Structures are given as C-alpha cells and as structure tokens.
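First up is the structure itself, then whatever we jot down about it.
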Amino acid sequence: MNKFASLQAIKPLEKMLEPYHLSKREMEIFFYWIVDFDYKEISDILMISKATVRTHINNINLKIDSHSKASLILTLLLKLVSEINF
C-alpha cells in the first residue's frame, strides 16, 4: 500500500483524535506524519517550511502527551483498545 492510500485507511482515527483538540492543520500534518511522510515531503505537499512542520508535530505530541511517533501510536492504540467492548 502506498503512502497516499494509507492516508485514506487511517481517516477513521479523526474521530478518536477529537478529545485532543488538534487544529485543522495539525490534523492534516498528523495524518501525513503517521503514515511515514518525512518533514520535507509534508512541507512540500502543504507548501510550508520544514520548521513549521516540526512545530506542528511538537504541538501534536504535547497535546497527545507523547514524546515520539512510536509513543503517540501506542497512546492511540491503547485508547482504541480501551474503547472496545468485549
């Protein structure tokens, strides 16, 4: 699956992210970043600087209380599992 196809596959996460109050731009950057676009690719696609991408990703990590992409993914997976009714 290519990166752009992966973007569509993770769109359902948008609802799960509502409690974190990400801005529209942060949400956009989050989806690119989480499917492994690098800062340069994201900056080229959104026509912003890499420094701006870095700032948004730092803000995302602060809002979700994570310190890296791996910890962010783990946080979201744990949230998803906790919401599943067995």
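Can you pull out every residue in segment 18-46 that is within 12 Å of the chain's Cα centre (by Cα) and touching a residue at least 40 places away in the same chain (Cβ under 8 Å)?
Residues satisfying the conditions are TYR20, LEU22.
Which of the residues that make up segment 39-73 are among the basic types (Lys, Arg) and surrounded by 12 or more Cβ atoms within 10 Å (Cβ to Cβ)?
Of the residues in segment 39-73, the ones among the basic types (Lys, Arg) are 40, 50, 54, 63, 69.
Scanning segment 39-73 gives LYS50, ARG54, LYS63, LYS69.
Where residues in segment 28-38 are assigned to a helix (DSSP H, G or I) and surrounded by fewer than 18 Cβ atoms within 10 Å (Cβ to Cβ), which of them is modelled with the lowest pLDDT?
Restricting to residues being assigned to a helix (DSSP H, G or I) and surrounded by fewer than 18 Cβ atoms within 10 Å (Cβ to Cβ), the top hit is ILE34.
Those residues that are basic (Lys, Arg) and more than 14 Å from TYR20 (Cβ to Cβ), I need them from segment 32-86; list them, please.
Step one: list which residues in segment 32-86 are basic (Lys, Arg), which gives 40, 50, 54, 63, 69, 79.
Those that are basic (Lys, Arg) and more than 14 Å from TYR20 (Cβ to Cβ): LYS40, LYS50, ARG54, LYS69.
The values are calculated or read from the model by the stated rules, or taken from the named source; none is laboratory data. All values derive from a computational prediction rather than experimental measurement. Don't worry about glycine lacking a Cβ; one is built from the backbone with ideal geometry, like all the others, and counts go over all protein chains shown.
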